[in-house]
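First comes the structure, then the notes that go with it.
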Amino acid sequence: MSEELLVTARDNALIDPSLHIWTWEVAMYLFMGGLTAGIMFFAALMTVRDKEHIAPFAATRLALLAPIALSIGMTTLFLDLEHKLFVYRFYTSFQITSPMSWGAWILIVVYPISVLQILSTFRSGYSVFASFVDKLKPARLLMDWCERNRVTIAYAVIPFAVALGIYTGILLSAFGARPFWNSGVLGLLFLVSGLSTAAALVVLIARQKTEKELFTGLDFVLILSEIALIGLVIISLASGSGQHIDALQIIMGGPYTFQFWVMFFCIGLVIPMLLEILEMAGISKSLAMLAPVLVLVGGYALRQVVLDAGQESTWTHYETQYSPELLQRLPGKD
C-alpha cells in the first residue's frame, strides 16, 4: 500500500495575502458623504444662527452643493458594486443592527431634505435661476412654503447631516473582524473631518472677508479636534488586544506609515493649521488659499488610508493558510 500526501494552498486574489476588496471608489464615497454632511450642517447652522449678513454664501448658496457632492459619491459607490442591478435590495428591508442598512435609508431621507433646504434660500442665493423655477406654479408654491419654514427646515437638517457624517465612520468601525477599524472614535473622527472639509470649501469659494475669517477660525478648531480624536484612536488601539496593537503597527512603521503621517496628518492637518494661524495673525496672506486645498486633500487621504489599513489588519494570520511557494508547486502554476 502506498500513501499519497496532497498539499493545497488557498488562492484568492481578493483576500490573499491581505484583504483588498474596497478601493478608491469607496474612499471617495466616504469623503463625499462627509463633505455633504458638513455642507448641509453649516448651511443650516448659518440659518439657525441668523448669520446671513456675516456668511452670505454659506447661508444662501452653499446648500446647493450638497446633492452634487453626494451624487458624485453615490456614483463612485455604484461603480464599486459587483452586482449593480441588485442595488434596490438595500431598500427591500431595514436591518436595525446593520450600519450599512442605516446608511442606505439615511441617504433616502437626505436627498429630499437637502432639496427643501436649497429651496428655502434659492431666491436669495440664486435669483436668476429662481425666476425660471417661479414660472411653474407647483414649484413656486413649494419655494414659498420652504421660505416661510426656513428655520424649521434648518433645524430638521442638522440631525440628518450629523447622522450622515458619523455613519460613514460607524460603517467601518462595526467590522469587528478588522481591528484597525474597531474603534468607537472612528465615527466621530469622520464627522469632524467632514465638517472640516466643508469649512475649507467655504473658505475656498466665499468672497466676503468676514465669511472667510469666520470659517477659517471654525476650521482651525475642527483641525485641533481631529488631532485630538486621532490621539484617542491611537490610544484605543495601543491599549487593546494583541491584534489591535498589531493593527496599529500598520501606521507606526508599517506599510501605511507614510500615507497616514505625511499625506494625511502633516499635509492635511498640521500644515493647514499652521497656515491658518499665520492668516488669522495677519502675518501671511499669500498662502491663504493653500490651507483649504490641503484640508480637502487630507480629508480624502484620511478615508483612503483608513480604508486600506483596515483591510490589511486582521484577527487571522493568513500566512498560515496562504503560501505563494506552495501555489507554485500546484499543477498549472509556473
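The values are calculated or read from the model by the stated rules, or taken from the named source; none is laboratory data. Here the structure is a predicted model, which means the values were calculated and not measured. Every residue, glycine among them, receives a Cβ derived from its backbone with ideal geometry; neighbour counts consider all protein chains shown.
What the table shows:
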quantity	calculated
Search result, residues across region 247-263 that are out of contact with any Phe, Trp or Tyr (no Cβ under 9 Å at 6 or more places or on another chain) and in a helix (DSSP H, G or I)	T257, F258, Q259, F260, W261, V262, M263
Selection within region 264-288 - part of a helix (DSSP H, G or I) and small (G, A, S)	G268
Residue match in region 147-154 (condition: modelled with pLDDT of 95 or more, loosely packed, with under 15 Cβ neighbours inside 10 Å and polar (S, T, N, Q))	yes
Hits in region 248-274 - residues which are over 26 Å from N182 (Cβ atoms) and either surrounded by 21 or more Cβ atoms within 10 Å (Cβ to Cβ) or basic (K, R) (or both)	P272
Odd one out for D50, checked against (1) assigned to a loop (DSSP other than H, G, I, E, B); (2) modelled with pLDDT under 90	(2)
Test: residue in region 70-88 that is of a type in the set (S, T, N, Q), more than 30 Å from R148 (Cβ to Cβ) and in contact (Cβ under 8 Å) with a residue 12 or more places away in the chain	yes
Extreme residue, farthest from M28 (Cα to Cα), among residues of region 264-304 that are without any contact (Cβ under 8 Å) to a residue 12 or more places away in the chain and of a type in the set (S, T, Y)	S284
From the options V115, V128, residue that is modelled with pLDDT of 85 or more, under 30 Å from E52 (Cβ atoms) and exposed (fewer than 10 other Cβ atoms within 10 Å of the Cβ)	V128
Matching option when the condition is more than 17 Å from L218 (Cβ to Cβ), of a type in the set (A, V, I, L, M) and either touching a Gly at 6+ places or on another chain (Cβ under 7 Å) or assigned to a loop (DSSP other than H, G, I, E, B) (or both), among I108, I113, I96, I72	I96
Counted residues, region 215-242 - those being of a type in the set (F, W, Y) and either closer than 17 Å to A59 by Cα or crowded, with 24+ Cβ neighbours inside 10 Å (or both)	1
Output for region 231-244, where each listed residue is free of Cβ contacts under 8 Å to residues at least 60 places away in the same chain and out of contact with any helix residue (DSSP H, G or I) (no Cβ under 7 Å at 6 or more places or on another chain)	G231, L232, I235, S236, S239, G242
Filter pass, F180 being among the hydrophobic types (A, V, I, L, M, F, W, C) and touching a Ser or Thr at 6+ places or on another chain (Cβ under 6 Å)	yes
Verdict on R140 being over 20 Å from the mean Cα position of the chain (by Cα), assigned to a helix (DSSP H, G or I) and of a type in the set (K, R)	yes
Selection within region 110-139 - touching a helix residue (DSSP H, G or I) at 6+ places or on another chain (Cβ under 7 Å) and over 19 Å from L62 (Cα atoms)	D134, A139
Some residue of region 221-241 being in contact with a His (Cβ under 7 Å, 6 or more places away or on another chain) and either basic (K, R) or at pLDDT below 90 (or both)	no
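Residue by residue, here is whether (1) under 29 Å from A58 (Cβ atoms); (2) within 16 Å of the chain's Cα centre (by Cα) holds:
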site	(1), (2)
F175	no, no
L189	yes, yes
L201	yes, yes
L204	yes, no
E213	yes, no
